[in-house]
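Let me begin by presenting the structure, written as structure tokens, before commenting on it.
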Amino acid sequence: GDVFAAEDRLGTWRHLLVAVRSPRRIFAAKALASLVVILLLVAGLACSSAVGGLVTVGNRPLVGLDGHLLAPGDAAGRVLLAWLCVIAPTLALAAIGLLGSVALGRSPMGLLLPALVALVLQLAQMLPLPVGVRLALPGYAFISWNGLFTGPVQVGPLLIGVAVGLVWAVAATVLAYVLFLRRDFTNPTDDVPGRRAVAVGVLPLAVLLAVTVVTVRTATGAKGSGIEQEKVQRSVATAFAHLYRVQTEQLNRPAVTEARLRATAACDKGGSSAEPEGPGNDWRCVVSWHLPGGEAAGTALYQLDVTADGRFVADGDGPKEVNGYFLVRTPAGDAPNPLWQFDGNVELLPVTPKG
């Protein structure tokens, strides 16, 4: 956000143009310098977070967002892929910063613009927006990497988020380039393009957002919030079945598979007074499963808090033998109960039933 504006504050544009002689070369050099710095910062964040995770947790399996266990090597690969995916929205914010630095001149708003846009995008993801609008925002890939930690991988929202981020990065960079080349550097007062900045900078991005929303909705067929009763039930039942196996191993009971458990979930939202769809903390699920050799089905209650981006927290509400306590007593001592409370992820895009 300051890579171009600093020259306006220092009044060094004319000296720089005399030395380099090409606005195109100046723009390319500054854009590439910014790109290198940003990629180094992202790499530093990725390395520091990985080292911190290993020091804190150690080298052991990771519980995915559908309850299944990921081997350390598999988890490491997905974490690396997640960091690669967030480069796209990072570049989009960086390009918006370049555009603001060119368009706003010596104003400090150019420096603040990427942070403000990032804050607005984060707040937008917390609102109950239609799924077509949510996926069309340039910052969605900061969230959609969650789909890498489910089985099967929820690749649709991830690819859309990455593609949208890259399109915004290219569009904002091109707009900044056009605006920079049209500037009259011989005029010392021409440091705030004004109406031209709005026409070349803001309006094209607004049109891009509208086109992206229409394209995503048409291509995916997504409607509403994307959080529907059937999807919530499937996600809760899948996560419960995976975690039930983990609890079975903890308690040294006979091994059981998800297929033999035949776990299902019946969920409603706000009782009978609300439609069973959309985010909220008033979801309630009854999970049922069958143990091999047993006639009666087991049941467990969960209270769900589902956020607008599809993430949910399932809080166990009994029976106490299954999910009533935070700890379970194992042959090796007390251990966290995987069924007491668990996270999950509802895929927002329409899911094609398996044949």
Q: Kindly establish whether Lys269 is among the basic types (Lys, Arg), crowded, with 17+ Cβ neighbours inside 10 Å and out of contact with any helix residue (DSSP H, G or I) (no Cβ under 7 Å at 6 or more places or on another chain).
A: yes
Q: Considering every residue within region 29-44, establish whether at least one is over 15 Å from Ala176 (Cβ atoms) and over 22 Å from the mean Cα position of the chain (by Cα).
A: yes
Q: Would you check if there is a residue in region 96-116 being crowded, with 17+ Cβ neighbours inside 10 Å and within 15 Å of the chain's Cα centre (by Cα)?
A: no
**Q.** Criterion (in the same structural domain as Gly139 (by TED's automatic domain parsing), within 26 Å of the chain's Cα centre (by Cα) and surrounded by 14 or more Cβ atoms within 10 Å (Cβ to Cβ)) met by exactly one of Thr212, Thr238
**A.** Thr212
Q. In the list Asp343, Asp315, which residue meets the criterion of being touching a residue at least 40 places away in the same chain (Cβ under 8 Å) and surrounded by fewer than 17 Cβ atoms within 10 Å (Cβ to Cβ)?
A. Asp343
Q: For region 54-153, please list each of the helices (runs of 4 or more DSSP H) lying entirely inside it that holds at least 1 residues being hydroxyl-bearing (Ser, Thr, Tyr).
A: 87-103, 141-144
Q: Scan region 96-125 residue by residue and report those that are modelled with pLDDT under 85 and out of contact with any helix residue (DSSP H, G or I) (no Cβ under 6 Å at 6 or more places or on another chain).
A: Ser107, Pro108, Met109, Leu111
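Assess whether Ala92 counts as being within 20 Å of Ala210 (Cβ to Cβ) and surrounded by 19 or more Cβ atoms within 10 Å (Cβ to Cβ).
It is true that Ala92 is within 20 Å of Ala210 (Cβ to Cβ) and surrounded by 19 or more Cβ atoms within 10 Å (Cβ to Cβ).
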Q | Residue, nearest to Val170 (Cα to Cα), within region 1-25, restricted to residues that are touching a residue at least 60 places away in the same chain (Cβ under 8 Å), under 39 Å from the mean Cα position of the chain (by Cα) and assigned to a helix (DSSP H, G or I) | A | Arg24
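The values are calculated or read from the model by the stated rules, or taken from the named source; none is laboratory data. None of these values were measured; they are calculated from a predicted model. Virtual Cβ from ideal backbone geometry, glycine too; neighbours counted across all protein chains shown.
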